[in-house]
Amino acid sequence: MPKAIQIQQFGGPEQLQLVEVSVGEPGPGEVRIRHYACGLNFIDIYQRTGLYQGALPLTLGMEAAGVVEAVGEGVTHLRPGQRVAYASQPPGAYCEVRVMPARCVVELPDGIDFETGAAMMLKGLTVQYLLRKTQPQGGLQEGDHVLFHAAAGGVGLIACQWARAMGLQLIGTAGSDEKCALAREMGAAHVINYNKEDFVARVKEITGGRGVKVVYDSIGKETWERSLECLRPLGLMVSYGNASGPVPPISLATLAAKGSLYVTRPTLFTHLATRESTQAMADDLFDMVGSGRVKIRIDQRYRLAEVAQAHRDLEARKTTGSSVLLP
């Protein structure tokens with residue numbers, strides 16, 4: 001029988017169990033996929049700990065790549081034998097085989113291998129909606145400064161390259177000199193080691209005291225207040241993750257006092273609500289990767305049974321780039 005990683009209760013990495021599962025035929029609007037690689041993301045940790053709660057027992061994982069084995073009634077854009085990849089709700093990608101909704105599954109171009117496909121979908125589509133769709137008043141133009149936290153992570157390294165392709169001056173933060181060097185290598189115009197420097201002071205220095213148009217922040221609690229200090233008047237604060245914990249309640253008066261700031265808490269799956277929007281976003285991502293303007297860096301590979309160690313490494317911020325699980 002196929003194997004999957006499930007949790008029976010919320011908690012630490014020790015809750016991750018390798019179990020055998022029964023996988024049937026796809027129903028209407030569904031597809032059955034055999035995975036060749038599965039992505040690893042911080043949202044998986046949120047779900048494991050219960051910060052984002054799902055019904056138990058829960059199979060984790062939001063992205064993977066593989067081959068279609070069967071399609072259900074009404075599915076016309078996929079066929080058996082097709083190479084595919086996805087970032088999708090509901091969770092369930094940590095497995096060898098699964099049946100899932102077909103609308104978020106797209107064909108994987110021949111020039112992109114399975115590991116890259118699994119590593120790029122959730123993170124790459126996140127960057128796509130952040131830089132293309134989640135923009136400040138007046139949009140983003142060449143030469144504009146943006147602040148991007150966790151710039152050496154899987155999302156961050158894609159963002160460094162994508163921003164460079166758009167002509168943006170991305171200021172990336174990371175927790176070590178090595179990670180800062182990696183972010184700079186991948187396209188960050190400026191880097192800040194937040195364990196050595198005051199990132200607010202450095203941002204003001206880099207921007208001549210003006211601040212940035214937009215902050216993209218997946219860290220949450222630890223960086224929230226100081227990230228607001230980095231924005232220019234009418235700037236946009238984009239909080240799209242909670243790696244250090246949830247953002248505390250915010251007073252609207254604070255936004256007024258700091259220069260009529262805007263705040264948003266977007267999610268990828270709002271943007272992936274339809275098959276058409278999913279395909280359009282994926283096409284943009286595939287074009288960026290296929291053209292070489294964005295390279296997907298995979299720095300960690302784990303067997304599916306090693307998923308607990310993968311989670312420990314990710315939580316301890318020991319990883320760079322993307323990580324994949326290999327069934």
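Here, each number is a calculation from the coordinates, and none is a lab measurement. Worth saying up front: this structure is predicted, and the values here are computed from it rather than measured. Positions of Cβ are generated from backbone atoms using ideal geometry, with glycine treated the same way; all protein chains shown enter the neighbour counts.
For region 63-147, taking Cα atoms only, what is the radius of gyration to one decimal and the Dmax to the nearest whole Å?
Cα only, region 63-147: 16.0, 49 Å (Rg, Dmax).
To two decimal places, what compactness ratio does region 97-140 give when its Cα radius of gyration is scaled by 2.2 N^0.38 Å?
1.52
Springs between alpha-carbon pairs under 10 angstrom, Gaussian network model over the chain: which of GLU197, GLU222, GLU63 fluctuates most?
Maximum fluctuation in the GNM of the chain, among the listed residues, is at GLU197.
Take the Cα atoms of the chain, build their convex hull, and give its volume per residue in Å³.
Cα convex hull per residue, to the nearest whole number: 124 Å³.
By how many degrees, 0 to 90 and rounded to 10, does the Cα axis of helix 154-165 deviate from the longest principal axis of the chain?
60
Using only Cα atoms, find the angle between the long axis of helix 275-290 and the longest principal axis of the chain, and express it within 0 to 90 degrees, rounded to the nearest 10.
Once rounded, one gets 70 degrees.
In whole Hz, with x marking every Gly and Pro, tabulate ³J(HN,Hα) for region 231-237 from phi via Karplus 6.51 cos²θ - 1.76 cosθ + 1.60, θ = phi - 60°.
Per residue, the Karplus-derived 3J(HN,Hα) values read 8, 7, x, 6, x, 10, 9 Hz.
Let me know the charge dipole size of the chain about its Cα centre in debye, to the nearest 20, where only the beta-carbon of Lys, Arg (+1) and Asp, Glu (-1) is charged.
Taking the Cα centre of the chain as origin, the dipole is about 580 debye.
So for the pair GLN53, GLN8, with labels modelled 7 Å out along Cα→Cβ, what separation do we get in nm?
2.0
Can you give the FRET efficiency for GLU107 and GLN141, using 1/(1 + (r/R0)^6), R0 = 45 Å, r = Cβ-Cβ distance, to the nearest 0.05? Mind showing how you got there, number by number?
Values: r = 33 Å, r/R0 = 0.74.
That gives a FRET efficiency of 0.85.
Once phi is turned into θ = phi - 60°, what whole-Hz ³J(HN,Hα) does the Karplus curve with 6.51, -1.76 and 1.60 give for every residue of region 85-100, x standing for Gly and Pro?
Result, rounded to whole Hz: 8, 7, 10, 7, 8, x, x, x, 7, 6, 6, 7, 9, 8, 9, 8.
Kirkwood Rh and Cα-based Rg: tell me the resulting Rg over Rh for region 136-204, rounded to two decimals.
Rounded to two decimals, Rg over Rh is 0.96.
Rounded to the nearest 5, what % of DSSP beta bridges with both residues in the chain are antiparallel?
55
So what's region 9-74 giving for Rg/Rh, alpha carbon basis, Kirkwood Rh from the mean inverse pair distance?
Rg/Rh: 1.02.
Fewest Cβ neighbours within 10 Å first, please rank SER88, SER218, SER291, SER22 accordingly.
Listed from fewest to most nearby Cβ atoms, that is SER22, SER291, SER218, SER88.
At a Förster radius of 56 Å, what calculated FRET efficiency corresponds to the Cβ-Cβ distance of ASN195 and THR76, to the nearest 0.05? All intermediate terms of the calculation are to be shown ahead of the outcome.
Working: r = 52 Å, r/R0 = 0.92.
The calculated FRET efficiency here is 0.60.
As a footprinting exposure proxy, order MET100, MET186 by other Cβ within 10 Å, with the fewest listed first.
By the 10 Å Cβ count, ascending, the order reads MET100, MET186.
What residue among VAL68, LEU231, GLN9 has its Cα farthest toward the positive end of the dipole of the chain, where the charges are +1 on Lys, Arg and -1 on Asp, Glu, each on the Cβ?
Of the options given, the answer is LEU231.
What number do you get for region 198-327 when its Cα radius of gyration is normalised by 2.2 N^0.38 Å, N = residues?
Working: Rg = 18.3 Å, N = 130, 2.2 N^0.38 = 14.0 Å.
Here the Cα radius of gyration is 1.31 times the empirical estimate.
Roughly how big is region 285-327's charge dipole about its Cα centre, with Cβ charges of +1 (Lys, Arg) and -1 (Asp, Glu), in debye to the nearest 20?
Charge dipole, region 285-327, about its Cα centre: 120 debye, nearest 20.
Taking springs between alpha-carbon atoms closer than 10 angstrom, which of GLY81, GLY172, GLY111 fluctuates most in the Gaussian network model of the chain?
The residue with the greatest mean-square fluctuation here is GLY111.
Each label point is 7 Å from the Cα along the Cα-to-Cβ direction; what then is the distance between the points at SER22 and SER244, in nm?
4.8
Could you give each residue of region 25-37 its phi-based ³J(HN,Hα) in whole Hz, using Karplus coefficients 6.51, -1.76, 1.60 with θ = phi - 60°, and x for Gly or Pro?
8, x, x, x, x, 10, 9, 10, 10, 9, 7, 10, 7
Taking the chain as a Gaussian network, Cα atoms linked when under 10 Å apart, which of ILE219, ILE206, ILE192 shows the biggest mean-square fluctuation?
ILE206
Please work out the Cα center distance from region 217-261 to region 116-132, rounded to the nearest Å.
That distance is 23 Å.
Could you list ARG293, ARG164 so that the one with the fewest beta carbons within 10 Å of its beta carbon is first and the one with the most is last?
Details: ARG293 14, ARG164 17.
Starting with the residue having the fewest Cβ neighbours, the order is ARG293, ARG164.
Obtain the nm distance between the two label points defined at GLU225 and LYS133 by a simple spin-label model: each point lies 7 Å from its Cα along the Cα-to-C-beta direction.
Once both label points are built, they end up 3.3 nm from each other.
Which pairs in the list LYS3/LYS133; LYS3/LYS221; LYS133/LYS221; LYS179/LYS213; LYS258/LYS318; LYS133/LYS318 are over 27 Å apart, alpha-carbon to alpha-carbon?
In this structure, LYS3/LYS133; LYS3/LYS221; LYS258/LYS318; LYS133/LYS318 lie more than 27 Å apart at Cα.
Which value, in debye to the nearest 20, describes the size of the charge dipole of region 135-265 about its Cα centre when Lys and Arg Cβ atoms bear +1, Asp and Glu Cβ atoms bear -1, and nothing else is charged?
So the dipole magnitude of region 135-265 works out to roughly 240 debye.
Based on the Kirkwood radius over alpha-carbon pairs, what is the Stokes-Einstein translational diffusion coefficient of region 135-265 at 10 °C with 1.306 mPa s viscosity, in µm²/s?
Reported coefficient: 110 µm²/s.
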